[in-house]
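All of the numbers you see were taken from the coordinates with simple rules; none came from a lab. Note that the structure is a prediction, hence the values are computed from the model and not measured. Note that each Cβ is placed from the backbone with ideal geometry, even for glycine, and that neighbours are counted across all protein chains shown.
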Amino acid sequence: MPEPGETKAARGVPTYADVAQAAERIAGIAHRTPVLTSRTADAMTGATLFFKAENLQRGGAFKFRGAYNAISALPEAVRARGVLSFSSGNHAQAIALASQLLGIPATIVMPSDAPAAKIAATRGYGAEVVLYDRYSQDREALGRELAEPRGMTVIPPFNHPDVIAGQGTLARELIEEAGPLDVLVACLGGGGQLAGCALAAAALSPGCLVIGVEPEAGNDGQQSFRSGQVVTIPVPRTIADGAQSTALGDLTFAIIRRDVTDILTVSDAQLVATMRFFAERMKLLVEPTGCLAAAAVLHGLVDVRAKRVGVVISGGNVDLATFAQLVG
C-alpha cells in the first residue's frame with residue numbers, strides 16, 4: 001500500500017529549480033556532509049569512487065534534507081498546527097527533528113518492528129510515536145484518524161515535491177565537490193532520493209548515468225521501471241528496513257522513468273558484506289539500507305571501470321546490537 005498522500009500529490013513533478021530552492025532553505029541547518037574516498041574501494045572496482053556520507057547527516061540520514069525543506073515551505077499558520085508522517089525510522093527521525101527545530105508538534109506512525117534505536121530517537125526529538133503492525137494494519141486509515149481532527153499536514157516519506165527536492169540537494173553537493181560524474185548510484189525505497197538525485201545529475205552533470213538500487217526482496221521499483229507502470233508488492237522482508245516500501249509514488253516514478261538509467265537489486269548478504277567493508281576499511285557505521293548503492297558497486301553489479309562514480313551512503317541509524325549480530 002502506498003503511503004498516505006503518496007498517490008495524489010498537491011503539486012506537479014518538481015524540477016531542478018526546486019532542488020536549488022531547497023538548497024537555500026536548508027543551508028546552514030542541514031549538514032553539508034563529507035564526500036569520502038577509499039583507495040581500497042577504487043582498487044576493488046577499477047573506478048574512482050566518491051561516497052556521499054549521509055550517515056553523518058543530522059538525524060543520521062539523508063531524510064533530514066527533505067523533511068526540513070517540506071515543513072519549512074509550509075505557510076506559517078499551517079505549519080503551526082503540526083505535521084504527521086509515516087516511516088520505519090529515518091523519515092520519522094527527520095520529521096521529528098525538523099519539527100523540533102521549527103517549534104511545531106509532530107506525530108509519527110511507525111511500524112512496531114522498526115529498529116528500537118529509530119523509535120527511541122524519534123521520541124527523543126519530541127515527536128509523538130504511534131506504533132502499528134505493518135503486515136496487518138492500514139496505516140493510511142490510522143493516519144487519517146489522527147491527522148484530520150488535529151488539522152495536521154501529512155508529509156509523506158517520498159512522494160512530495162518538496163521532499164524530493166530536498167533529497168536532491170545531496171547530489172547537488174556531491175557534484176559541486178567531486179566534479180562531473182560518469183555514474184551516480186543511489187539507494188531506492190519509495191524513490192525520493194533517487195528522483196531528487198536524478199534531477200540534480202541531469203542539471204549539473206549531463207550525460208551522467210543514474211542507477212537506483214533496492215533490496216532484491218522488494219524490487220517493486222525495478223518491476224515498475226521495466227514495465228512502465230507502478231507495480232505494488234507486499235511488504236518485503238529484508239534487513240533494509242528503510243526500503244520496505246511497497247510501491248513508488250506517482251511523482252517519484254515520473255522522474256525515475258524519465259531520468260534514471262536502470263534499477264538493480266542486491267541481497268541481504270551483500271548488504272551485510274558492505275556494512276562490514278565500511279566498518280573495517282572506512283571506519284563508518286552504516287545501516288543496511290544505507291549500503292544499497294555501495295553494495296551494487298562493490299559487488300560488481302554496475303560497470304564502473306575507469307569511471308568517476310558517485311555513491312550515496314544514505315544513513316547510519318542501526319542499533320549496535322543489530323549491527324554486531326549482522327557483521328559478526
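A few comments on the model shown:
- Highest-first arrangement of 155-162, 213-220, where packing means the average Cβ count within 10 Å: 155-162, 213-220
- For the chain, the tally of Lys pairs with Cα-Cα distances below 30 Å comes to 11, considering only residues 8 or more apart or on different chains.
- Extent along the principal axes, Cα only, for the stretch 181-328: 41, 38, 22 Å, with the longest axis given first.
- Of the beta bridges in the chain, as assigned by DSSP with both residues counted there, near 10 percent are antiparallel.
- Ellipsoid semi-axes in whole angstrom, largest first, where each is sqrt(5λ) of the Cα gyration tensor of the stretch 68-124: 21, 10, 9
- Rg to Rh, two decimals, where the chain supplies the alpha carbon set and Rh follows Kirkwood: 0.94
- Peptide packing: for 223-236, 51-64, 116-129, the average count of neighbouring Cβ atoms within 10 Å per residue gives the ranking 51-64, 116-129, 223-236, highest mean first.
- Only helices enter this figure: runs of n ≥ 4 DSSP H residues, each worth -39500 (n - 2.57), summed and divided by the residues of the chain, yield -13000 deg cm²/dmol at 222 nm to the nearest 500.
- For Leu209, the residues whose modelled amide H falls within less than 5 Å of its own, excluding neighbours fewer than 5 places apart on the same chain, are Val183, Leu184.
- Take every Cα pair under 8 Å whose residues are at least 6 apart in sequence, average their separation, divide by the length of the stretch 98-213, and the relative contact order is 20 percent.
- Counted as membrane-span-like here are DSSP H helices of the chain whose alpha-carbon atoms extend 20 Å or more along the helix's own axis and whose Kyte-Doolittle mean is -1.0 or above; these are 161-178.
- Diffusion constant of the stretch 206-281 at 10 °C, which comes from Stokes-Einstein with the Kirkwood Cα-pair radius and 1.306 mPa s, µm²/s: 119 µm²/s
- Largest GNM mean-square fluctuation among Leu204, Leu292, Leu188, using the chain with Cα springs under 10 Å: Leu204.
- Distance between the C-alpha centres of the stretch 152-188 and the stretch 255-286: 16 Å, rounded to the whole angstrom.
- Packing, as the average of other Cβ atoms within 10 Å across residues, places the peptides 148-154, 275-281, 293-299, 16-22 in the order 293-299, 16-22, 275-281, 148-154, highest first.
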